[in-house]
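In what follows, a single structure is set out as structure tokens and then discussed.
The values are calculated or read from the model by the stated rules, or taken from the named source; none is laboratory data. Just so it is clear, the structure is predicted and the values come from calculations on it, not from any experiment. Heads up, the Cβs are rebuilt from the backbone with ideal geometry, glycines too, and the neighbour counts pull from every protein chain shown. Protein only, heavy atoms only, side chains kept; ligands, DNA and RNA dropped before computing areas. Shrake-Rupley method; radii C 1.70, N 1.55, O 1.52, S 1.80 Å.
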Amino acid sequence: MDASDVVGVWAAIYKNQLGSHGMGAGTCLAMSGIDLALWDIRAQAAGMPLYKLLGGSRKGIPAYAGGVSLGYQEPERLIEEIQPISTRATRR
């Protein structure tokens, strides 16, 4: 099949697998891998990253990694940790 025809591939999967056998765990796993591969092929053929092919844009977002879920920091320290950096510097 034509890998750029994502809708056609999905229609074939539905007709040949889902319509007769249902959506079991193995089918779900296989379909997710096929779907990822199809979109990757499409983006590579277009010569662009997938996020751009899907209409997204690249912009940075702040990341957070801290002790909130670890449960061993004092509450005051956790509150300070989640404050924006600009606020943190003025509070000390």
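Assorted remarks:
- In this structure, THR27 does satisfy being out of contact with any Pro (no Cβ under 8 Å at 6 or more places or on another chain), hydroxyl-bearing (Ser, Thr, Tyr), open to solvent by less than 50 Å² (accessible area, probe 1.4 Å) and modelled with pLDDT under 80.
- Within the stretch 15-33, residues that are closer than 22 Å to ALA3 by Cβ have Cβ atoms under 9 Å from residues that are modelled with pLDDT of 75 or more and open to solvent by 80 Å² or more (accessible area, probe 1.4 Å) in these pairs: MET31/TRP10, counting only partners at least 6 apart in sequence or on another chain.
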